[in-house]
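The next block holds one structure in the form of structure tokens; read it before the comments.
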Amino acid sequence: MIQSMTGFGKYVVQLPTKKITVEIKSLNSKSIDLNARMPSAYREKELEIRKRIANSLQRGKVDFNLYIEITGDDTSAQVNESVVRQYMDQLKSIADGTDIQLMEMALRLPDAMRTDREDIDEQEYGAILEALNGALEEINKFRTEEGNVLEKDFQERIQVLKNLLEQVLAMDPERQGTIRERLERAVQDLKVEVDANRFEQELIYYLEKYDITEEKVRLANHLDYFEKTLKSKDSNGKKLGFISQEIGREINTIGSKANYAPMQQLVVQMKDELEKIKEQMLNVL
């Protein structure tokens, strides 16, 4: 079962005087890349929160947002009067407007409000962790659902590759016969006498050079291994990526040895399907 690295989770906890909201969004990334936004009063808990997120999500470009909204009468936020007046004086020099209009603009600017720092009590931090766990549960559920869609797409494309490989297997005897005829015709066109035994030895050498038996067997094994890994308990996008590289290596070798246009056309189709798999693989955890 695979998971996508793309997801979104949101969870809200309502306290008597505060509303706590946690939002987590993730996109694909080679490793965990976490950007945390939270009120400065809660920064002392940032390291623990980061660890919890990293342990749960493992990989991805993650945006974490913690919002604290005062819903009761109690608030420690106050207008930073001196800062607001300075903003208003500066605004007057560059914009026309009434004092009310200038104040409205000034209050939207940084540091217009100040909050007296208070220690986070255990109940409040417990509520933050509850919201964090809820948001992580939601985003992992989202990731699993997205992973199911990716898994279905991968299975369909791997089946296409297997069907194309079967066509390659069916075509191979005809290809070898065509190569043999081409070499014999080339010798006849030289209009010179050649040693039959020596010619047969050289012919076998060139046919062995174009032989793709090993590549066909390895490619079939890689495709089976991809499906097996896809159905494993844990999501492992990196492992699937390595298997995809091996699949590509065998397809390329078959293409370089084919020396037969109809088979090379099948190889092009295989490369196209594999490229689509690799593009989607970037989103797998």
Q) If packing is taken as the mean number of other Cβ atoms within 10 Å per residue, what is the order of 92-104, 50-62, highest first? A) 50-62, 92-104
Q.
Relative to 2.2 N^0.38 Å, what does the C-alpha radius of gyration of the chain come to as a ratio? Two decimals please.
A. 1.72
Q. Separation of region 133-156 and region 1-51 by C-alpha centroid, Å?
A. 18
Q: State to the nearest 20 debye the size of the charge dipole of the chain about its Cα centre, where the only charges are +1 on K and R beta carbons and -1 on D and E beta carbons.
A: 540
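Report the relative contact order of the chain, percent, no decimals, based on alpha-carbon pairs under 8 angstrom and at least 6 residues apart.
Working: 362 pairs, mean separation 76.0, N = 285.
Relative contact order for the chain comes out at 27 percent.
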Q: Any chance you could check the Cα centroid distance between region 225-249 and region 260-274 for me, in angstrom?
A: 22
Q.
Using Cβ contacts closer than 10 Å as the measure, can you line up 274, 107 from fewest to most?
A. 107, 274
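Every number here is computed from the coordinates shown, using simple stated rules; none is lab data. Remember, it's a predicted structure, so these values are computed and weren't measured experimentally. In this analysis, Cβ positions are derived from the backbone assuming ideal geometry, glycine residues included, and neighbour counts consider all displayed protein chains.
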